[in-house]
Amino acid sequence: MNPDLHATAEALDAADPLRSRRTLFVGADSPLVYFDGNSLGRPLKATVGRLERFARDEWGGRLIRGWDESWMDLPFAIGDDIGRVALDAAPGQTVVADSTTVLLYKLVRAAFDAQITRDPTRAEIVIGRNEFPTDRYVVEGIAAERGGRVRWVEVDDDTGVTTERLAAAVGPETAVVVVSHVAYNSGHLVDAEAITELAHAAGAFTVWDLSHSVGSVPIHADAWALDMAVGCTYKYLGGGPGSPAFAYVAHRHQAALTPPLRGWMGAADVFAMAPDFRPAAGMRRFLSGTPPVLGMLAMQDSLALLHDVGMPAVREKSVELTTFAIEVFEEELAPLGVRLASPADPANRGGHVTFRHPLMREVNAALWKQDVIPDYRDPGGLRIGLAPLSTSFAETLRGLLAVRDALARLSPDRLPSEGSS
Ligand SMILES: *Cc1c(COP(=O)(O)O)cnc(C)c1O
């Protein structure tokens, strides 16, 4: 073991301008190592009180009056907060609703319908072969029900789609391009502005999946001219298990998109109970049913914290964390035959890194029993998510040394013959 790594972790923590923010999270002071803040963020201590107050005073005290007084407006108010804090988007373009899967369906379907109505030869949806399963399934389903085609872009497993490969796949038959900003498996970060530009040059729409970038990587939705986007709020946005998703639709497209899932909450006059559906103006048309108010409580606290800290500082710490993790990997894991399955250049990397080894499934299971929590993704990938606001460098080192020790126990023959210095 290299003693310098401990000194490095200590120095990085001491110099970290965000280090005090860690104490705002429930459980961050325990010895548990949490490498899954990219999948389910830790709760803030402020949220514990908010949940209790909501049940007692708002739900319990205001009862059904709460809808008129504030709850009805939450999808738009919190949507605008997400836009301002994490998407750099002007108000009126972001709402909170449904799950990411459902919102992705709604937006891809609406975008596809708009395209094919204008030009019946635009029948292709372009997507990377190793996109997150829900994205692939949703796209295949829409192509099947609308008589369209999926154009699969082949990708390297350790990265994701590249601008070059997308450029080769997008053309006059492309209706929509669906891309993750940060790949869920490798953490590969794409150039969203360049990809949007090449899609537009071909007359195609983009629908971005921001699940693994929002709250971790700065996004400039308006400046990059994104068309549409969806993302999870329970990952870096700290909304809690099953918290609803968000959708962004640029102002210029809203009026021309027909919502594919018509519900009373998306109608022009919600309480008119009109015989026919007329879509509401603006983002309301993308709502279908009653807003998930309970699910929108926790994210208000983490959005306030993100606003306070600012996305540039979050990204700076995120890059330092993943860079340090890769440094530890080089010293302690690579000698055991572990491979880095994430981009080495931080400019192409989001907030998590993946290390590959045939025994990682077993390593992950062993680590969970000792309160070190990464996650496992086939084939042989151990994902290390480093939520910048709640993770320290010492925690990162402790967890990665536990990975090394578990791997050494499981594969004694792979140990270097003389102990590392
Ligand atoms: C986490 C994630 C989802 C999850 O979708 P849900 O509907 O919330 O289950 C979708 N897409 C990507 C890229 C993800 O990382």
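Using 0.36 nm per residue of separation minus the Cα-Cα distance, give me the extension gain between Ala90 and His6 in nm, one decimal.
Stretched fully, the Ala90-His6 segment lengthens by 25.9 nm.
Please tell me the relative contact order of the stretch 187-264 in percent, rounded to the nearest whole number, where contacts are Cα pairs under 8 Å and at least six residues apart.
25
Let me know the whole percent of all Cα-Cα pairs from the stretch 70-306 that are separated by more than 28 Å. Could you put the intermediate results ahead of the total?
Working: 7163 of 27966 pairs.
Looking at the stretch 70-306, the distances longer than 28 Å represent 26 percent of pairs.
So for each of 73-84, 339-350, 268-279, 174-185 I average, over its residues, the number of other beta carbons within 10 Å; can you give me the resulting order with the highest mean first? Before the final figure, lay out the partial values.
Values: 73-84: 20.2, 339-350: 18.2, 268-279: 10.8, 174-185: 26.2.
Result, highest mean first: 174-185, 73-84, 339-350, 268-279.
Considering only Ile326, Ile127, Ile64, give the residue with the highest GNM mean-square fluctuation for the chain, with springs between Cα atoms whenever their separation is below 10 Å.
Ile64
Treat each spin label as a single point 7 Å out from the Cα along the C-beta direction, and report the Met72 to Glu154 distance in nm.
Output for this residue pair reads 5.5 nm.
Within 10 Å, count the other beta carbons around each residue, average over each peptide in 14-22, 91-99, and list them highest first. Don't jump to the answer; show the numbers that get you there.
Values: 14-22: 13.9, 91-99: 22.9.
Result, highest mean first: 91-99, 14-22.
Find out how many positive minus negative residues lie around His220, taking Lys and Arg as positive, Asp and Glu as negative, among other residues whose Cβ is under 15 Å from that of His220.
Combined, the nearby Lys, Arg, Asp and Glu give -4.
Once you have the Cα-Cα distance between Ala255 and Arg409, take 0.36 nm times their residue separation minus that, and quote the gain in nm to one decimal.
49.5 nm
Given a cut-off of under 8 Å on Cα pairs at least six residues apart, what relative contact order in percent is computed for the chain?
This gives 22 percent for the chain.
Bin width 20 Å, origin at 0, all Cα-Cα pairs of the chain: what percent of pairs per bin?
Result, from short to long distances: 26, 54, 19, 1 percent.
What whole-number volume per residue, in cubic angstrom, does the convex hull of the C-alpha atoms of the stretch 1-64 give?
It is 122 Å³ per residue.
Sorting check: for 33-39, 47-53, which peptide has the highest mean count of neighbouring beta carbons within 10 Å, and how do the rest follow?
33-39, 47-53
Just want to confirm a number: the relative contact order over the stretch 70-306, from Cα pairs under 8 angstrom separated by 6+ residues, in percent.
Result for the stretch 70-306 is 23 percent.
Any read-out appearing in this document is the output of simple, stated calculations on the displayed coordinates, not a laboratory observation. Owing to the predicted nature of the structure, the values given are computational and were not obtained by experimental measurement. Every residue, glycine among them, receives a Cβ derived from its backbone with ideal geometry; neighbour counts consider all protein chains shown.
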